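Chemist: To start, I am sharing the structure in question, which I have written as structure tokens.
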Amino acid sequence: MNSVEADVTIQQSIRKKRPALVQDIIRDRWLYAILVPGVLYFLCFKYVPMLGLGMAFLDYKPHLGFLESPFVGLKHFERFFTEPQFWQLFRNTFLLAIYNMIFFFPLPIVLALMLNEVRHEFYKRSVQTIMYLPHFISWVVAVGIFYIMFTTEGGVVNEIIARMGMDKVPFLLSEGWFRTMIISQSIWKEVGWGTIIFLAALSGVDTQLYEAARMDGAGRWRQLWNITLPSIRSTIIILCILRLGTFLDVGFEHIFLMLNSMNREVGEVFDTYVYTKGLTQAQYSYSAAVGMFKSVVGLTLVLGANWTAKKFGEEGVY
């Protein structure tokens, strides 16, 4: 077969494939229709706003717009890194992010493993439902509940402490208790919801592996260590990598509601700083530079974690 005949054959095969692709799209049109809202969401709220990153390199004035605002290069980044408050913000944000990774991230895994061992289906479903409920409560309501429980003026916890003959503890005003309160609230609100993915991964583990292990004399702990955890290891690694992408996002609404004049020294983070500078003081370009710094850190962590995962033989995110 000469080159001309080969080209004709390739073109004919391509023409044959095109109708099949169109037929597949027509056949699965409802699946593609379901995909449209998700695509539109990411386009409108994730990709289109990225155009605003250019504001970080401008001295943006709303009345001038993007095209007329003067270009200032890295001026806002230099200002941010030389601010006396930078290291305080970095320390506060970094510590909360580390505490989230240490205390919050493993708990859904542990909880999912515990629920997976429950054999009474009704009890298992009931516990799952109760754990999911706090996720659907807004942070305003969640923080309000904690205020009612921990306030020194009639709070349940402090009333119990007082009845035990001890001094009341200003949980909501103390710098020492701020991070503990933040992590505790996050765990209470989101740990149940975080078990969903891990329970789904656990449901895909081949039950024949457990049967074979029992025949070999393996107990529950041995099955957990040699079968269950290795089976969901890839899921844990992927979620960990994705979590690192939002490493410095410690939750603006949550932190903002818990901030007050007494704990601001340890509670002010990048998110609340951006709100203060960008919205209350109208320093749009400067706040965009701070937000871009957070994004670059998250991207770097994701790329580094994904590269490390691949080095150890895992699939990674991409």
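The values are calculated or read from the model by the stated rules, or taken from the named source; none is laboratory data. What you see is a predicted model, and the numbers here were worked out from it, not measured in a lab. Using ideal geometry, Cβ is built from the backbone for each residue, glycine included, and neighbour counts are taken over all protein chains shown. These accessible areas exclude ligands, DNA and RNA; they are computed on the full protein's heavy atoms, side chains included. Shrake-Rupley method; radii C 1.70, N 1.55, O 1.52, S 1.80 Å.
Chemist: In the range 133-175, how many residues are among the basic types (Lys, Arg) and touching a Ser or Thr at 6+ places or on another chain (Cβ under 9 Å)?
Modeler: Count: 1.
Chemist: ARG163 fails exactly one of the following numbered conditions: (1) charged (D, E, K, R); (2) surrounded by 15 or more Cβ atoms within 10 Å (Cβ to Cβ); (3) over 26 Å from the mean Cα position of the chain (by Cα). What is the number of that condition?
Modeler: Just one mismatch for ARG163, condition (2).
Chemist: Residue by residue through the range 251-278, note down the ones that are open to solvent by 40 Å² or more (accessible area, probe 1.4 Å) and outside any helix (DSSP H, G or I).
Modeler: SER261, MET262 - these are the residues of the range 251-278 that are open to solvent by 40 Å² or more (accessible area, probe 1.4 Å) and outside any helix (DSSP H, G or I).
Chemist: Further question on the same structure: Just to be sure I understand the filter: pairs with C-beta atoms under 7 Å, separated by 6 or more residues or on different chains, first member in the range 97-110 and more than 18 Å from ALA201 (Cβ to Cβ), second member hydroxyl-bearing (Ser, Thr, Tyr) and part of a helix (DSSP H, G or I). Which pairs pass?
Modeler: Matching pairs, first to second residue: ASN100/SER186; PHE104/SER186.
Chemist: Consider only pairs whose beta carbons are under 7 Å apart and that are at least six residues apart or on different chains; among these, list those whose first residue lies in the range 149-160 and is modelled with pLDDT under 90 and polar (S, T, N, Q) and whose second residue is outside any helix (DSSP H, G or I) and open to solvent by 50 Å² or more (accessible area, probe 1.4 Å).
Modeler: Matching pairs, first to second residue: THR152/LYS168; THR152/PRO170; ASN158/LYS168.
Chemist: Hey, can you tell me all the residues within the range 65-91 that are of a type in the set (A, V, I, L, M, F, W, C), over 31 Å from the mean Cα position of the chain (by Cα) and open to solvent by less than 70 Å² (accessible area, probe 1.4 Å)?
Modeler: VAL72
Chemist: Which numbered condition in (1) open to solvent by 50 Å² or more (accessible area, probe 1.4 Å); (2) free of Cβ contacts under 8 Å to residues at least 24 places away in the same chain is the only one that GLY219 fails?
Modeler: (1)
Chemist: Now, a different point. For the range 109-140, how many residues meet the condition of being within 30 Å of ASN260 (Cα to Cα), out of contact with any His (no Cβ under 8 Å at 6 or more places or on another chain) and assigned to a helix (DSSP H, G or I)?
Modeler: 7
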